[in-house]
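Only the coordinates and a few stated rules stand behind these numbers; no lab work does. Not measured: the values here are computed from a predicted model. Cβ coordinates were reconstructed from backbone atoms using ideal geometry, including for glycine residues, and neighbour counts include every protein chain displayed.
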Amino acid sequence: MNLIAKMLQVYFIAGTQDCRLLNGQPEQNLLSILHQALAAGINCFQFRDKGAYSLASDPARQKQLALACRDLCRQYHVPFIVNDDIDLALEIEADGIHVGQKDQIKQALDARSVRPLIVGLSINNIAQGVADKDNPNIDYFGLGPIFATQSKADHAPVLSPAFIREIRRQGVNKPCVAIGGVTTQNASQLRRLGVEGVAVISAITQAEDIASAVKQLQS
């Protein structure tokens, strides 16, 4: 198993918008949840702080939180990925950047000339996957949303687990992680269909026992 495939096994995504309902301190909540998830064995963390209830309107606070998350990830030798914000990823020396089809794909690839970066790309249909399946500058695909999800308001149309099998049939061999509605109950099913791992938000942020949730996501 190569390093990219390994980091996709349990891929945690979160921002303050996902942690606001716990005790009114979303920044501390996120750091606490991330710390527990890292200790439990997640393989990657993506800082996705955007949209309503995030720190998007306060870039200075957002950067400080991103740095704190990055430092926690470094303690556990876990890759730290930034969602969409290429300037932030470069400024804080993140390990990688993840972009969607509507985001700055070219800029993300150009950023690799500034410093080495892992680059992930969201895939929402077969044509997108086939178009970039041999692109050496894209390290992995995020496939989804596989199931309906409440974590992202503006998500693409919901696919289905069968999408995973079909994209493999079309010759897409790049490492892939399934996202969207992934739970501790369906993660193993998705792996059997052909993805290297699962990406989750609420399965960890809303878990009563984070260590147990991560263990179930690993199986």
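Overview of values
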quantity	calculated
Output for segment 65-83, where each listed residue is assigned to a loop (DSSP other than H, G, I, E, B) and buried (at least 19 other Cβ atoms within 10 Å of the Cβ)	Val78, Pro79
Candidate set from segment 45-71 (those that are of a type in the set (A, V, I, L, M, F, W, C) and in contact with a Ser or Thr (Cβ under 9 Å, 6 or more places away or on another chain)); member that is farthest from Gln218 (Cα to Cα)	Leu55
Failed item in (1) buried (at least 17 other Cβ atoms within 10 Å of the Cβ); (2) without any contact (Cβ under 8 Å) to a residue 12 or more places away in the chain; (3) not β-branched (Val, Ile, Thr), with Glu208 passing the rest	(1)
Subset of segment 45-64 (residues that are buried (at least 17 other Cβ atoms within 10 Å of the Cβ) and aromatic (Phe, Trp, Tyr))	Phe45, Phe47
Hey, Leu90 closer than 23 Å to Leu34 by Cα and surrounded by fewer than 21 Cβ atoms within 10 Å (Cβ to Cβ) or not	yes
Residue in segment 16-28 that is farther than 23 Å from Val177 by Cα, outside any loop (DSSP other than H, G, I, E, B), in contact (Cβ under 8 Å) with a residue 12 or more places away in the chain and acidic (Asp, Glu) present	yes
Close pairs (7 angstrom Cβ cut-off, 6 or more residues apart or separate chains): in contact (Cβ under 8 Å) with a residue 24 or more places away in the chain and among the hydroxyl-bearing types (Ser, Thr, Tyr) in segment 162-190, surrounded by fewer than 20 Cβ atoms within 10 Å (Cβ to Cβ) and assigned to a loop (DSSP other than H, G, I, E, B) anywhere	Ser188/Ser219
Selection status of Ile42, buried (at least 17 other Cβ atoms within 10 Å of the Cβ), in a loop (DSSP other than H, G, I, E, B), out of contact with any Ser or Thr (no Cβ under 7 Å at 6 or more places or on another chain) and hydrophobic (A, V, I, L, M, F, W, C)	yes
Per-region count, segment 182-219, residues part of a helix (DSSP H, G or I) and among the small types (Gly, Ala, Ser)	7
Within segment 84-99, tally of residues that are of a type outside the set (Gly, Ala, Ser), in a helix (DSSP H, G or I) and either under 14 Å from Gly120 (Cβ atoms) or free of Cβ contacts under 8 Å to residues at least 12 places away in the same chain (or both)	2
Test result for Ser160, surrounded by fewer than 23 Cβ atoms within 10 Å (Cβ to Cβ) and not in a helix (DSSP H, G or I)	yes
Gln128 more than 16 Å from the chain's Cα centre (by Cα) and either surrounded by fewer than 20 Cβ atoms within 10 Å (Cβ to Cβ) or of a type in the set (Val, Ile, Thr) (or both)	yes
